[in-house]
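See structure below.
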Amino acid sequence: MIAVRVATLDDTDAVTAVLQASYPVLMRPAYPPAMLEPALALMTRANPALLASGTFFVALDETGTIAGCGGWTAGRPGPDPAPSDAATGHVRQFAVHPDRLRHGIGRALIERTIDDSRSAGMKRLSCYSSLVAVEFYASAGFIVVGPETVMLMPGVPIGAMVMELAL
């Protein structure tokens, strides 16, 4: 049984632990080390603004342990979080602990994200999918828009695939 709930700042350490376990292992096959290593330093920390947003979730496994995280915001990811338009939500920081893959945790999180964003009036969801997560988002109905290089900060690019879902 998987429970999904709204994340809080009290979840900072557990979310960071999931990100640090997940991203280095799961992303390594798709990215060269020179690109991945500096990106991981930025991507594997819980984002306090996301944790406090009310639209970011954690998934607890049958033992009550946080095994995944993810959610959405109206603001775009990156240094300019202004909404791209009033009808588009943005998928944010999805991860599942590698030991808990294929147990429905990611599916529970994406379904909660879709339902929550739709209830908030969003008409579409956009995401910057890692190159290894394209199949996951496609299984939830997202379509590929095209590749993009995301600048995590000056000098730290990461390749992504822009994907969208009409709600």
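Here are the numbers:
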read-out	value
P(r) tail fraction, region 21-120 - alpha-carbon pairs more than 24 Å apart, %	28
Relative contact order, percent, the chain [alpha-carbon distance under 8 Å, six or more residues apart]	22
Structure-based [θ]222 nm, the chain - -39500 (n - 2.57) summed over DSSP H runs of at least 4, per residue, nearest 500	-9500 deg cm²/dmol
Sequence-distant residues sharing a close amide H with Ala46 (under 5 Å, placed H)	Thr16
13 Å beta-carbon shell around Phe136, net charge (K/R +1, D/E -1)	0
Largest-first principal axis extents, alpha carbons of the chain, Å	39, 35, 29
Options Gln93, Ala67, Leu9, ranked by Cα towards positive dipole end of the chain, top entry (Cβ charges)	Gln93
For Ala108, net neighbour charge (Lys/Arg +1, Asp/Glu -1) across residues whose Cβ lies under 14 Å away	0
Only Lys, Arg (+1) and Asp, Glu (-1) charged, at Cβ; the chain dipole about Cα centre in debye	200
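No value in this document is a laboratory result; all are computed from the given coordinates. Not measured: the values here are computed from a predicted model. Virtual Cβ from ideal backbone geometry, glycine too; neighbours counted across all protein chains shown.
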